[in-house]
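Reviewing the structure listed below.
Read the figures in this text as sums done on the coordinates, not as results from a lab. As the structure is a computational prediction, the values presented were derived from the model and not from experiment. When we count neighbours, we look across all protein chains shown, and the Cβ atoms used for this are built from the backbone with ideal geometry, even at glycine.
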Amino acid sequence: ERAELERWARVAGLSWVDDPSNTDQRFDRNFLRHTVLPLLRDRWPGLNRRLRHTAESCGESEALNRKLAALQWQAIGGDRDRLPVDGLKTLPLAEQKNLVRWWARERGFHAPTPGDWQQVIRDLLFAAEDREPEFRSDGFSLRRFQGDLCLVPDRGPLPDAPVDLEPGEGVAWGEWSLRLESVVTPEQSLPPIRIFTRQGGERVRFRPDGPSRSLKKWLQEVGVPPWERARLPLVFAGSEGAAELIAIGDLWCSEQYSGGAHAAGWRLVIERECD
């Protein structure tokens, strides 16, 4: 109560400053404080006690919900960014909602508040295997991939066009950073190095004397989710029309640019920022 606080402040010899905005009833909080609550207290004198009891009960329920979610997250084998769909399906809808809300808060986001939880859960957990359901929330999205429900943080935009990577300089590419470091005195000039995103139809040769492979199929085989494939920095060496793919994010780098082949004289370093 304000009166109790004022009495305590006077006894303690404290002074305070009143904020004029606290009486402006254009703000909902002030309208409730100065108009609605006094009427409710006049009608129900025990209102404050009941509100305190309700707040305490809500706090206890929330603590129990958090504890339950943490136990269920561990029981179904959840990790930082993924929850097994099969495990989620074993839970009642109320516990599914509780677990997803807890998970989002643990990752530092506001809990999602969809208008129709039942529809969201149905779409995410029970859509056909060839579907890629997605629910967008504040700062992240929930997506399904290979039997898991994935929490995917929103990312910043990528460059609109290919970017040249010059020796000794660095390039920021979304959550990635790329640079060329000198490892020995180069024995030959460095071909043009450029960074692209996937356009479709790219092929990669993992050994100089080996066959080329479809990049799309390889990314599928190694389990890279579609939303990550679209953001991977693809590094090409050579002139336009004859460039060769030499690195796929931090998933693979050509031996010639990994620091082991001294003839190149340069090492390509690609690092990804962790959430």
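Give the relative contact order (percent, whole number) for the chain; include only Cα pairs under 8 Å separated by 6+ residues. Spell out each step's value before the answer.
Details: 331 pairs, mean separation 31.7, N = 275.
Relative CO of the chain lands at 12 percent.
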query: What GluC sites (Glu not before Pro) in region 96-174 are in a loop by DSSP, with at most 14 other Cβ atoms within 10 Å of the Cβ?
result: Glu129, Glu169
- prompt: In terms of the Cα gyration tensor, with a ≥ b ≥ c the square roots of its eigenvalues, is region 1-58 rounded because a/c is under 1.5, prolate because a/b exceeds b/c, or oblate?
  reply: oblate
Cα-based helix-to-principal-axis angle, 93-106 vs the chain, degrees rounded to 10: 70 degrees
query: Helix 117-126 versus the longest principal axis of the chain: what is the Cα-based angle in degrees, 0 to 90, to the nearest 10?
result: 30 degrees
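Give the Kirkwood hydrodynamic radius (Å, one decimal) of region 163-272, defined as one over the mean of 1/r across all pairs of different Cα atoms. List each step's numbers first, then the result.
On the way: mean 1/r = 0.0699 Å⁻¹.
Its Kirkwood hydrodynamic radius stands at 14.3 Å.
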Distance between modelled label sites at Ala75 and Asp250, nm, 7 Å Cα→Cβ extension: 3.5 nm
query: What are the ³J(HN,Hα) values, in whole Hz, obtained from phi via the Karplus relation 6.51 cos²θ - 1.76 cosθ + 1.60 with θ = phi - 60°, for each residue of region 31-41 in sequence order, with x given for Gly and Pro?
result: 4, 5, 5, 9, 10, 6, 4, x, 5, 5, 5
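Enter the mean projected area of the convex hull around the alpha-carbon atoms of the chain, in nm², rounded to one decimal. Please report the intermediate quantities before stating the final value.
Details: hull surface 98.8 nm².
Its Cα hull, projected and averaged over all orientations, spans 24.7 nm².
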task: Among Ala12, Ala104, Ala55, determine the one that fluctuates most according to a GNM of the chain built with springs between C-alpha atoms less than 10 Å apart.
output: Ala12
- prompt: If the cut-off is a Cα-Cα distance under 13 Å, which aspartates and glutamates reach Lys89, setting aside same-chain residues fewer than 8 apart in sequence?
  reply: Asp123, Asp148
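Let a ≥ b ≥ c be the square roots of the eigenvalues of the Cα gyration tensor of region 206-246; is it rounded (a/c under 1.5), or, if not, prolate (a/b larger than b/c) or oblate? Could the numbers behind the result be given before it?
Values: a/c = 2.91, a/b = 1.43, b/c = 2.04.
Cα axes put region 206-246 in the oblate bin.
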statement: Projected onto the charge dipole of region 1-65 (unit charges on the beta-carbon of Lys, Arg, Asp and Glu, signs +1, +1, -1, -1), the Cα from Thr23, Trp44, Ala3 with the largest positive-side position is that of Trp44
- line: Summed over the other residues with a beta carbon less than 10 angstrom from that of Ser177, with K and R at +1 and D and E at -1, the charge totals -1
statement: Rounded to the nearest 10 degrees, the helix 47-75 long axis (Cα) sits at an angle to the longest Cα principal axis of the chain of 30 degrees
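Run the numbers for Gln199 and Arg2: contour at 0.36 nm per residue of separation, minus the present Cα-Cα distance, in nm.
On the way: separation 197, 0.36 × 197 = 70.92 nm, distance 6.34 nm.
Length gained between Gln199 and Arg2: 64.6 nm.
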query: How much net charge surrounds Arg131 when only the other residues with a Cβ under 15 Å from the Cβ of Arg131 are counted, with Lys and Arg +1 and Asp and Glu -1?
result: -3
message: Give the aspartates and glutamates reachable from Lys216 as a straight Cα distance under 15 Å; neighbours fewer than 8 places away on the same chain don't count.
response: Glu202, Glu228
- prompt: Near Trp44, within a Cβ-to-Cβ distance under 15 Å, what is the net charge of the other residues, with Lys and Arg +1 and Asp and Glu -1?
  reply: +4
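Could you work out the relative contact order of region 77-153? I mean the mean sequence separation of Cα pairs under 8 Å and 6+ apart, divided by the number of residues, in percent.
Working: 87 pairs, mean separation 24.6, N = 77.
Once normalised by length, the contact order is 32 percent.
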statement: Among Arg105, Arg82, Arg26, the residue with the largest mean-square fluctuation in a Gaussian network model of the chain built from Cα contacts under 10 Å is Arg26
Value of relative contact order over region 31-101, rounded to a whole percent, pairs C-alpha under 8 Å and six or more apart: 22 percent
- line: Which of Leu158, Leu51, Leu219 fluctuates most in a GNM of the chain (C-alpha springs under 10 Å)? That residue is Leu51
